[in-house]
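**Student:** Let me give you the structure first, and then I'll get to my questions.
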């Protein structure tokens, strides 16, 4: 079974939709506005983060049930899912909520609560048995042994740290002046910082990072373009785009990078950043100006389809991935703000 989970900024609800028919399966009441929507590593469970209410709602997208709404420590925000675990950084308490996908399959929804530092806007990555917690204001990453939360090392110099991701045994953190890589080699942690190009505008930096389990590269935001990050080579390549990116991610197989521009085109890039195809799927919209919280089009990938939301028309659109032909359009009774794809993959 394949489903879509949508949220809206105007209602305290989540909506579960059948990905094949685009028909609504069920609506779930939640305690407040959803700030972040994310999927577990194998995409069975959807997480809705209610930052202003110190709560997280978990939906089983396959069974179509509400697993629970959990109260966590202050201001849950940054979401990271990888290799069977989910990490949510709680800004107001400087702690991390750690969920395991196997526990969720067994109906256990209570996370481990791990104290990692002072209150801050942070992000966390788990590399094998090492928990790496990054902090925006101090620009540092603290490494802990997960088993006993013993502090191991501290990495400084990642100015205005924002955004975190992971490829195998390498953690990636976005910095104002570049990208910080922390790699686990045997029992040692090694850090390398990739600097921004010398002519970088003060408006450009990596602060959002996308990865794929089958890809060895990461993709970061970069103003009106993208930054391709090559962790093994310890390099970064800046890609200029014809339109301001509203959303970027890998395709379902991890072979291409897909970018939805404000001009309504979906751009398909190879892993060197070359545009190999563009398809107009939506009408153009006004590009974002900072974090204005305006609902704009976005998309999520499935195995054979793309699913797009068009807030100004209150539409959910299904597009065949290879032909880029629109297969279905569903009218919604709310303004969609975010979407994730959930499947019956087994951890």
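Every number here is computed from the coordinates shown, using simple stated rules; none is lab data. Treat the numbers as computed from the prediction; the structure is a model and nothing was measured. Every residue, glycine as well, gets a Cβ built from its backbone with ideal geometry; the counts of neighbours run over all protein chains shown.
**Student:** Does a label point 7 Å from the Cα of residue 10, set along Cα-to-beta-carbon, have any residues of region 19-37 with amide nitrogen under 11 Å, and which are they?
**Tutor:** Inside the label zone: nothing.
**Student:** Here's something else I'd like to know. So how much slack lies between residue 304 and residue 201, counting 0.36 nm per residue of separation and subtracting their Cα-Cα distance, in nm?
**Tutor:** 33.3 nm
**Student:** How far apart, in nm, are two points set 7 Å out from the Cα along the Cα-to-Cβ line at residue 276 and at residue 330?
**Tutor:** 3.1 nm
**Student:** Here's a follow-up. Can you order the peptides 319-326, 281-288, 8-15, 160-167 by their average number of other Cβ atoms within 10 Å per residue, highest first?
**Tutor:** 160-167, 8-15, 281-288, 319-326
**Student:** Let me ask something else. I want to check the label-to-label distance for residue 255 and residue 1. Put each point 7 Å from Cα in the C-beta direction and report it in nm to one decimal.
**Tutor:** 3.0 nm
**Student:** At a 10 Å Cβ-Cβ cut-off, how would you order 190, 141, fewest neighbours first?
**Tutor:** Placing the least packed residue first, the sequence is 190, 141.
**Student:** Quote the FRET efficiency, to the nearest 0.05, computed for residue 193 versus residue 283 with a Förster distance R0 of 51 Å and r equal to the Cβ-Cβ distance.
**Tutor:** According to the calculation, E is roughly 0.80.
**Student:** Among 289, 108, which comes first, then next, by fewest other beta-carbon atoms within 10 Å?
**Tutor:** 289, 108
**Student:** Let me ask something else. If I model a spin label at residue 322 and residue 102 as a point 7 Å from the Cα along the Cα→Cβ vector, what separation in nanometres do I get?
**Tutor:** That separation, rounded to one decimal, is 3.7 nm.
**Student:** A follow-up question, please. Scan (1) 31, 56, 10, 3, 0; (2) 31, 55, 14, 0; (3) 31, 62, 7 for the value of P(r) over Cα pairs in 20 Å bins from 0, in percent calculated from this model and give just the label.
**Tutor:** Here the calculated entry is (3).
**Student:** How much FRET efficiency would the formula 1/(1 + (r/R0)^6) give for residue 313 and residue 26, where r is the Cβ-Cβ distance and R0 is 25 Å, rounded to 0.05?
**Tutor:** For R0 = 25 Å, the calculated efficiency reads 0.60.
**Student:** Based on alpha-carbon positions alone, could you give the equivalent ellipsoid semi-axes of region 49-180 from the gyration tensor, as √(5λ), descending, whole Å?
**Tutor:** 25, 16, 13
**Student:** For region 94-150 and region 282-313, what is the centre-to-centre distance using only Cα atoms, to the nearest Å?
**Tutor:** What the calculation gives is 30 Å, centre to centre.
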